[in-house]
Amino acid sequence: MGIRSRILVFQLIVVGAVVIMAAIVYITIRSTTYYTQRVQWANNQLEAVTALTVNANRYSEQIAEFLLIGEPERPDYESARAELEAGFEKLAQLTRGEAEFLGRSSEQEDSGDEIFRITRMRTLYGEIAKATSDAINLRNQGRQEDAVRIFRRDIENRFDAEFENILEAARRDEEEEVVRTELQAEALWRRLTWMTAALALAAVVLCFVAAFLLARSLMRPISLLTEGTEAISRGDLDHRIAFDGRDELGALARRFNEMATHQQDQRDRLLNAKAELEQQVAARTAELAAANQRLTELDRLRVQFLADISHELRTPLTALRGEAEIPLRHGSKPEAVYRDALERIVTQSLEMGRLVDDLVFLSRSETDTIRFEPRRTDLVTIVADAVHEGEILGRAKGISIKAAYSTRPVWITADAQRLKQALVIILDNAIKYSPRDRSVNLSMTVMDGHAEIAIRDKGLGIPAEEIPKVFERFYRGRSPRASRQLGSGLGLAIAKWLIEKHRGEIALTSEVGSFTEVVVRLPHADTTASADANAGAAVAVLKKRLRAKTGSE
Ligand code: ATP
Ligand code: MG
């Protein structure tokens, strides 16, 4: 039941109690008035009967005096008669009035008796009046004695005996009626007093119970709501109001719970966002720390690099100075000595030039100023070009390159020149660190999303502990046979940088005295180029090879 309905019921109970109380008061006033009026009627009648008794006596006396004294007493006699008749009339009026007042109640029977009694008194009075008239006539005729006899027999006796009796009975009745009415009024008063007290008590109890129930039905949800608001203001967003009434407060509690859920969601979202933000800050901090470490490392490398460069340049410069100083010492020499010295100086300068080129390349790679021109190009063509250059390099040692790959184009985005440079560096190593007249194998496998180029030689091999270092700048093999070869230890560092610049990977596996294999892995766009493109690429490869062959011979 809704609060409005409950308040309405409570109001109805209170109004009902007030109406009942008002009804009781009304009944009390009405019955009081009724009994007061009844007593009043009875008293009036009693008074009238008493007056009638007095008047009857006076009338009787006046008759006697009139009969004895004669005409002088007539006015008194007439006056007494008129008063007696007026008394009859008054009593009759009162009796009728009372009968009307009582209405149809059982008391009306008494009124009927009274009216009958008045009729009898009037009849009696009529007979007495007739006897009086006879007596007066007899007296007027001078028959005083007859008149007195009639007076004694028919007037005085009847007054004393019959009339008095009727009046006495009437007075007794009225007195009884007054007493009876007063008793009835008292009984009714008692009843009404009890009834009023009981009903008032019942109304008070009913109002109290209704007020208690109403207050209890309102207080519990209100205290739960108060608790809820306090909990939320404390920040306890998990708090829910355990009240699910169907009234307005129940609806309020439900809205409150919905609001708390909404707040909780928002808080969770904020906390998540905060945690995410913290994570991001931590990640950025870690990145910054890593970048900082890289910078420190780069700085260290730069110092190292400078030291290495100085060292690497000093050795060939010392050799160069030595080559120039020897023929200049101890006078003039034959021309062949000078020529020989100059040839060695040229070889040394070439080697130094190569070293300087590599150094320039690496320093540019550091500052990211190497020009890259990536474009969609066929990897097969690049590999073919590299193989061709490898063959030229291997010729001096009688080393051939055995290439195995499909001529079907493999499209990649690359700077062809730079990618070929990386492959040639690997082929150069394979040739350089292989005994004479061996062969170097190159194979290319195309897989889903990437291509793998493997270059394998059966040369010196690399000890396991040196493998992780071969991609470092200036790192050169420690074995005497490897270090006998010319080189500055920059080749693989440059190749790695170039492959990674093409979003590729490079890996080296080796076994001393057995083999060395370098695998380059590159992402490619697709392998399903059109037949025209296939044919075009194949023709381009063949043309290049032809040109290279004719050029080298
Ligand atoms: P550069 O290439 O600068 O002329 P380098 O060949 O010595 O000099 P890298 O190409 O960087 O330098 O190679 C580093 C070292 O790795 C070499 O000195 C060599 O010891 C070892 N190495 C590289 N390739 C091979 C190989 N195919 N077989 C055996 N050892 C190799
Ligand atoms: Mg090398």
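The values are calculated or read from the model by the stated rules, or taken from the named source; none is laboratory data. On a predicted model such as this, the values are computed, not experimentally measured, just so you know. We place every Cβ from the backbone using ideal geometry, glycine too, and count neighbours over all the protein chains shown.
Right, Val424: over 21 Å from Ser406 (Cβ atoms), buried (at least 16 other Cβ atoms within 10 Å of the Cβ), within 16 Å of ligand 2 (Cβ to nearest atom) and at pLDDT 95 or above or not?
On the way: over 21 Å from Ser406 (Cβ atoms): yes; buried (at least 16 other Cβ atoms within 10 Å of the Cβ): yes; within 16 Å of ligand 2 (Cβ to nearest atom): yes; at pLDDT 95 or above: yes.
It is true that Val424 is over 21 Å from Ser406 (Cβ atoms), buried (at least 16 other Cβ atoms within 10 Å of the Cβ), within 16 Å of ligand 2 (Cβ to nearest atom) and at pLDDT 95 or above.
Looking at this structure, is Asn272 among the polar types (S, T, N, Q), exposed (fewer than 12 other Cβ atoms within 10 Å of the Cβ), out of contact with any helix residue (DSSP H, G or I) (no Cβ under 7 Å at 6 or more places or on another chain) and over 30 Å from Val360 (Cα atoms)? Spell out the reasoning first.
Values: among the polar types (S, T, N, Q): yes; exposed (fewer than 12 other Cβ atoms within 10 Å of the Cβ): yes; out of contact with any helix residue (DSSP H, G or I) (no Cβ under 7 Å at 6 or more places or on another chain): yes; over 30 Å from Val360 (Cα atoms): yes.
For Asn272, the condition - among the polar types (S, T, N, Q), exposed (fewer than 12 other Cβ atoms within 10 Å of the Cβ), out of contact with any helix residue (DSSP H, G or I) (no Cβ under 7 Å at 6 or more places or on another chain) and over 30 Å from Val360 (Cα atoms) - is met.
Quickly run through region 393-420 and pick out the residues that are more than 25 Å from Lys501 (Cβ to Cβ) and aliphatic (A, V, I, L, M). Outline the logic, then answer.
Step one: filter region 393-420 for residues more than 25 Å from Lys501 (Cβ to Cβ), giving 394-400, 402, 404, 406-408.
Scanning region 393-420 gives Ala396, Ile399, Ala404.
Can you tell which of Leu295, Leu301 is modelled with pLDDT under 90 and more than 36 Å from the chain's Cα centre (by Cα)?
Numbers: Leu295 fails: modelled with pLDDT under 90.
Result: Leu301 is the single residue among Leu295, Leu301 that is modelled with pLDDT under 90 and more than 36 Å from the chain's Cα centre (by Cα).
Residues of region 391-427 being within 15 Å of ligand 1 (Cβ to nearest atom) and closer than 25 Å to Thr369 by Cβ, which ones?
Listed by number, the residues that qualify are Gln421, Ala422, Leu423, Val424, Ile425, Ile426.
Looking only at region 449-495, filter to residues that are touching a helix residue (DSSP H, G or I) at 6+ places or on another chain (Cβ under 8 Å) and at positive phi; which one of those is farthest from ligand 2 (Cβ to nearest atom)?
My answer is Phe474.
Considering Ile63, Ile29, which residue is touching a residue at least 40 places away in the same chain (Cβ under 8 Å) and part of a helix (DSSP H, G or I)? Steps first, please.
Numbers: Ile29 fails: touching a residue at least 40 places away in the same chain (Cβ under 8 Å).
Exactly one residue qualifies, and that residue is Ile63.
Of the residues in region 357-373, how many are at negative phi and either of a type in the set (Ser, Thr, Tyr) or loosely packed, with under 15 Cβ neighbours inside 10 Å (or both)? Walk me through how you get there before you give the answer.
Applying the first criterion (at negative phi) to region 357-373 yields 357-367, 369-373.
From what's left, either of a type in the set (Ser, Thr, Tyr) or loosely packed, with under 15 Cβ neighbours inside 10 Å (or both): 357, 360, 363-367, 369, 371-373.
Looking only at that region, the number is 11.
Is it fair to say Ala198 is within 16 Å of Ile27 (Cβ to Cβ) and within 60 Å of the chain's Cα centre (by Cα)?
Details: within 16 Å of Ile27 (Cβ to Cβ): yes; within 60 Å of the chain's Cα centre (by Cα): yes.
For Ala198, the condition - within 16 Å of Ile27 (Cβ to Cβ) and within 60 Å of the chain's Cα centre (by Cα) - is met.
In region 470-505, which residue that is near ligand 1 (Cβ under 8 Å from one of its atoms) and more than 18 Å from Glu312 (Cα to Cα) is surrounded by the most Cβ atoms within 10 Å (Cβ to Cβ)?
Ranking the candidates gives Ala495 first.
Read through the list (1) more than 28 Å from Phe361 (Cα to Cα); (2) within 16 Å of ligand 1 (Cβ to nearest atom); (3) modelled with pLDDT of 95 or more, then give the number of the only condition that Arg438 fails.
(3)
Are there any pairs with C-beta distances below 6 angstrom linking a residue in region 431-457 that is of a type in the set (Asp, Glu) to a residue that is part of a strand (DSSP E or B) and surrounded by 18 or more Cβ atoms within 10 Å (Cβ to Cβ), with the two at least 6 apart or on different chains, and if so which?
Every condition considered, the pairs that remain are Asp457/Val440; Asp457/Thr516.
Here is a check on your reading of the model: is Thr369 more than 16 Å from ligand 1 (Cβ to nearest atom), more than 19 Å from Gly504 (Cβ to Cβ), in a loop (DSSP other than H, G, I, E, B) and in contact (Cβ under 8 Å) with a residue 40 or more places away in the chain?
Numbers: more than 16 Å from ligand 1 (Cβ to nearest atom): yes; more than 19 Å from Gly504 (Cβ to Cβ): yes; in a loop (DSSP other than H, G, I, E, B): yes; in contact (Cβ under 8 Å) with a residue 40 or more places away in the chain: no.
No: the conditions fail for Thr369.
What are the pairs with Cβ atoms under 8 angstrom where one residue, in region 468-479, is among the basic types (Lys, Arg) and the other, located anywhere, is near ligand 1 (Cβ under 8 Å from one of its atoms) and outside any helix (DSSP H, G or I)? Sequence gap at least six, or different chains.
Between residues of region 468-479 that are among the basic types (Lys, Arg) and residues that are near ligand 1 (Cβ under 8 Å from one of its atoms) and outside any helix (DSSP H, G or I), the close pairs are Lys469/Tyr475; Arg473/Gly489; Arg473/Leu490; Arg476/Gly487; Arg476/Ser488; Arg476/Gly489; Arg478/Glu466.
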